[in-house]
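Q: Below is one structure. I have some questions about it.
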Amino acid sequence: MPMRPSLQAVHAGVCYLDKVEKLKASFETGKTRSIEWRRNQLLALKRLLEENQHDLLAALKSDLGKCETEAVVSEQGFLLSDIDHTLKHLAKWMQVRKVSTPLVAWPGKSFQQPEPLGTVLIMGAWNYPLQLLVAPYVAALAAGNCAVLKPSELAEDTSALIARLIPQYMDTTCVEVVEGGKDESTALLACQWDHIFYTGGEAVGKIVMTAAARHLTPVTLELGGKSPCYVDKNTNLKTTARRLVWGKWMNAGQTCIAPDYVLVESGFEHKLIDAIKKELKSQYSKDPLNSRDYGNIINHRHFSRLQRYLEDVNVIYGGQVDPERPAMAPTLVLEPAENSALMSDEIFGPILPIITVASVDHAIRFINARPKPLALYAFSDDDNVLDHIIANTSSGSVCTNDTMLFMTNPELPFGGVGNSGMGQYHGQAGFDTFSHIKTVMKRGFALDVPFRYAPFSKLKLALLKRFL
């Protein structure tokens, strides 16, 4: 029976029940369950990315000032690799997963059967407006779902391009793209979904979760937080600086897993600062605002927010701005107050606070006194130090002696913990997120186990205690 619009499903005159019902009807035909349909859709999505590379890179350049190399590596190329990995392993992921059956249930067999959830909502983020929308869609397709894609309205050109391209390549009975801002998002959240996947900030994440609770809809929340980086005095300084600069200032620092602040042993901070300065000049030149490899801030509202972070703090490098682009040069701040906005908010920009600590244990206490981060980084030549940090902190992911490179491994699920999010995706983890892993026991009639129905002996009681 068609759903009737409710007050919750209509916001500012926007209602998407018809779109959702169309997708649900298509799902009910069973067309998305076959491996052939899933493969064909993944291959179509791959063609979309390959045949429209020029337009996609141009849109990312317009929205965020991303240079071609960065856009290919972190957005288009990342997705092509993700699709190839999914195509390679899809048949295996879809297989029945056999498990053992206890003696008391013989004759019989037990297994887990992945099945698609149904119709899902995927809400992307503006900082990687292509990758963070399409990567969850790859997982949803692989699992056999229909989907509504909601690009971020802040990345206007990328959003418009996705909305134009998806209907040209994909099965339009199984996917819709909805553009727009708050009103459209609110109306979408009022509909009933089989899963909601949201990437963005904590504040909106709470709104998404509240809306989902009305229908008991499961959610995956990829949020963020202040990802810390510890630098030990026993480290390869040149390599540490190069990898730290690459991870922090990619996309002008607008990355949810970028190092948000650095903790460094007291007495070693000046050597580290000098090495970072040298590496910044090497990667972005002495005039980064005119470097073709350095990106923009997404809009003037975020640009103003970042400028406020630099009030009443000790800026030791950078800080130059170009309000027209808008853009801010890579900036280092030494010893900001722990209660400052710079240390309480997720920075999401090109500012890196550097804080001295007395020891690795001091650094661990500093990290653990704050909400659990999405990612944690540590640099040291001493494996004991690295293992000590891994064992005594909690975060969505850990990467030692590098920053964001763990994202290149599809065998590593990605997701947060606590305030940094819930649920995981990438590789099989993404397939499982958009699947219901149904448990099944199939029993036969022959050779029934008589002790279940006969008077109990000591042996029978022992067996029951063991297997029931």
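Q: State the answer as a single residue: which of Asn234, Gly181, Thr199 lies farthest towards the positive end of the charge dipole of region 180-238, with beta carbon charges of +1 for Lys and Arg and -1 for Asp and Glu, about the Cα centre.
A: In region 180-238, that residue is Asn234.
Q: Put a dot 7 Å past each Cα toward the Cβ at Ala163 and Lys98; how far apart are the dots in nm?
A: 5.1 nm
Q: Here's a follow-up. Roughly what would the spin-label model give for Ser344 and Ser266, points 7 Å off Cα along C-beta, in nm?
A: Label-label distance for Ser344 and Ser266, simple model: 2.5 nm.
Q: While we're looking at this one, here's another question. Expressed in nm to one decimal, what extension gain is obtained for the pair Leu43 and Arg443 from 0.36 nm per residue of sequence separation less their Cα-Cα distance?
A: Contour length minus the Cα-Cα distance gives 140.1 nm.
Q: Right, next: Taking H as built 1.01 Å from N, whose amide H comes closer than 5 Å to the amide H of Ala327, not counting residues under 5 places away?
A: Ile297, Asp322
Q: Okay, next question. Rg/Rh for region 216-256 to two decimals, with Rh computed the Kirkwood way over all alpha-carbon pairs.
A: 1.19
Q: Once phi is turned into ³J(HN,Hα) by the Karplus curve 6.51 cos²θ - 1.76 cosθ + 1.60 with θ = phi - 60°, what whole-Hz value does each residue of region 54-59 show in order, with x for glycine and proline?
A: Coupling constants for region 54-59: 4, 5, 5, 5, 5, 5 Hz.
Q: Still on this model: How long are the semi-axes of the equivalent ellipsoid of region 26-111, defined as square roots of 5 times the Cα gyration tensor eigenvalues? Whole Å, largest first. It would help to have the intermediate numbers written out before the result.
A: On the way: eigenvalues 336, 51, 20 Å².
The equivalent ellipsoid of region 26-111 has semi-axes of 41, 16, 10 Å.
Q: For region 102-160, just list the percent of Cα-Cα distances falling in each 10 Å bin from zero outward, please.
A: So the P(r) values, bin by bin, are 22, 34, 18, 12, 9, 6, 0.
Q: Mind listing the phi-derived Karplus ³J(HN,Hα) values for region 91-108, rounded to whole Hz, using 6.51, -1.76 and 1.60 with θ = phi - 60°, and x for any glycine or proline?
A: Once rounded to whole Hz, the list reads 4, 5, 5, 7, 5, 4, 9, 6, 9, 6, 10, x, 4, 5, 9, 5, x, x.
Q: Right, next: As a test of the formula, what do you get for the chain when each DSSP H run with n ≥ 4 contributes -39,500 (n - 2.57) and the sum is divided by the residue count, at 222 nm and rounded to the nearest 500 deg cm²/dmol?
A: It lands at -12000 deg cm²/dmol.
Q: Express the Stokes-Einstein translational diffusion coefficient of the chain in µm² s⁻¹, to the nearest whole number, given a Kirkwood radius over alpha-carbon pairs, 25 °C and a viscosity of 0.890 mPa s.
A: Translational diffusion coefficient: 101 µm²/s.
Q: Which order, highest average first, do 104-111, 409-416 follow once you tally other Cβ atoms within 10 Å for each residue and take the mean per peptide?
A: Answer by packing, highest mean first, reads 409-416, 104-111.
Q: Go through region 367-384 residue by residue and turn each phi into a ³J(HN,Hα) via Karplus (6.51, -1.76, 1.60, θ = phi - 60°); whole Hz please, and just put x for glycine and proline.
A: 5, 6, 7, 10, x, 5, x, 6, 9, 9, 10, 8, 10, 6, 7, 9, 4, 5
Q: Then there is this: Can you give the translational diffusion coefficient of region 199-269 in µm²/s, computed by Stokes-Einstein from the Kirkwood radius over Cα pairs at 37 °C and 0.692 mPa s?
A: Value of D from the Cα-based Kirkwood radius: 224 µm²/s.
Q: Another one. How large are Rg and Dmax for region 138-292 when calculated on the C-alpha trace, in angstrom?
A: Reported Rg and Dmax, both Å: 21.0, 62.
Q: At a 1.4 Å probe, what is the % contribution of carbon and sulfur to the accessible area of region 45-130?
A: 53 percent
The values are calculated or read from the model by the stated rules, or taken from the named source; none is laboratory data. Computed from a prediction, not measured in an experiment: that's the story for all the values here. So basically every Cβ, Gly included, is an ideal-geometry build from the backbone, and we count neighbours across all protein chains shown. Note: accessible area is taken over every heavy atom of the protein model, side chains too, but ligands, DNA and RNA are not part of it. Shrake-Rupley method; radii C 1.70, N 1.55, O 1.52, S 1.80 Å.
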